[in-house]
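Notes follow the structure.
The values are calculated or read from the model by the stated rules, or taken from the named source; none is laboratory data. Because the structure is a prediction, the values reported are computed rather than measured. Here the Cβ positions follow ideal geometry from the backbone for every residue, glycine too, while neighbour counts run over all protein chains shown. Just so you know, the surface numbers come from the protein's heavy atoms only, side chains and all, with ligands and any DNA or RNA stripped out. Shrake-Rupley method; radii C 1.70, N 1.55, O 1.52, S 1.80 Å.
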Amino acid sequence: MKLYVLNGPNLNFLGIREPAHYGSTTYLQLIKLIETHCAANQIEAVCRQSNHEGDLVDWIQEAYLEHADGIVINPGAYTHTSIALLDAVKSVMLPTVEVHISKVEEREDFRQVSYIRAACVKTITGHGINGYLEAIDFLNREYRKGEQV
Ligand code: DQA
């Protein structure tokens with residue numbers, strides 16, 4: 001099982017940015033947590049972060065070209081603006097889970113729109129960084145090929 005775990009703009013500043021919304025865990029600590037969790041569950045995790053929309057599009061396409069089994073993505077603010085990310089996920093047809101650390105549905109009006117959601121098999125909001133692990137477990141449970149009895 002191979003998963004791409006993609007993070008969008010400002011998520012490299014986890015632990016620094018608005019701890020009331022995003023907690024005190026740093027991006028590096030998050031990646032260590034994800035890698036440890038994935039290793040324990042025989043999952044290969046490719047973790048990437050960028051502040052640039054096109055990089056995220058490129059990596060969604062790369063996930064397809066590299067035969068990944070699924071994608072976990074927190075697109076950050078591009079959630080609320082990016083048709084390019086929606087189109088990218090639609091293009092690759094890989095099961096994709098949208099994750100938000102904060103409970104976006106209880107925040108500002110402009111955070112109530114998610115373009116990418118229409119192409120995602122699941123959305124997890126407001127579970128802090130644990131949401132990433134829940135997304136990974138969901139994909140592992142529902143989409144792991146071949147090995148289930
Ligand atoms: C976020 C929520 C977005 O609205 C915001 O722009 C982010 C982080 C979250 O993880 O809660 O950058 O995706």
Discussion item. Filter region 4-30 down to the residues that are open to solvent by less than 20 Å² (accessible area, probe 1.4 Å) and within 16 Å of the ligand (Cβ to nearest atom) and list them by number.
Written reply: Val5, Leu6, Asn7, Gly8, Pro9, Leu11, Leu14, Leu30
Item to complete: Could you check how many residues of region 87-103 are within 8 Å of the ligand (Cβ to nearest atom), buried (at least 20 other Cβ atoms within 10 Å of the Cβ) and not in a strand (DSSP E or B)?
Response: 1
Worksheet, complete the sentence: Checked pairs for region 73-85, first farther than 18 Å from Val97 by Cβ, second within 11 Å of the ligand (Cβ to nearest atom), C-beta under 6 Å and 6 or more apart or across chains, list as Ala77/Pro9
Practice prompt. Collect the residues in region 110-136 that are open to solvent by 40 Å² or more (accessible area, probe 1.4 Å), under 16 Å from the mean Cα position of the chain (by Cα) and of a type outside the set (Asp, Glu), keeping them in residue-number order.
Written response: Tyr115, Arg117, Ala118, Val121, Lys122, Thr123, His127, Asn130
Discussion item. Checking the condition touching a residue at least 40 places away in the same chain (Cβ under 8 Å) and open to solvent by 70 Å² or more (accessible area, probe 1.4 Å), which residue from Glu44, Glu35 passes?
Written reply: Glu44
Response to the item:
(1) more than 13 Å from the chain's Cα centre (by Cα); (2) within 21 Å of Asn41 (Cβ to Cβ); (3) open to solvent by less than 80 Å² (accessible area, probe 1.4 Å) all hold for Leu139 apart from (1)
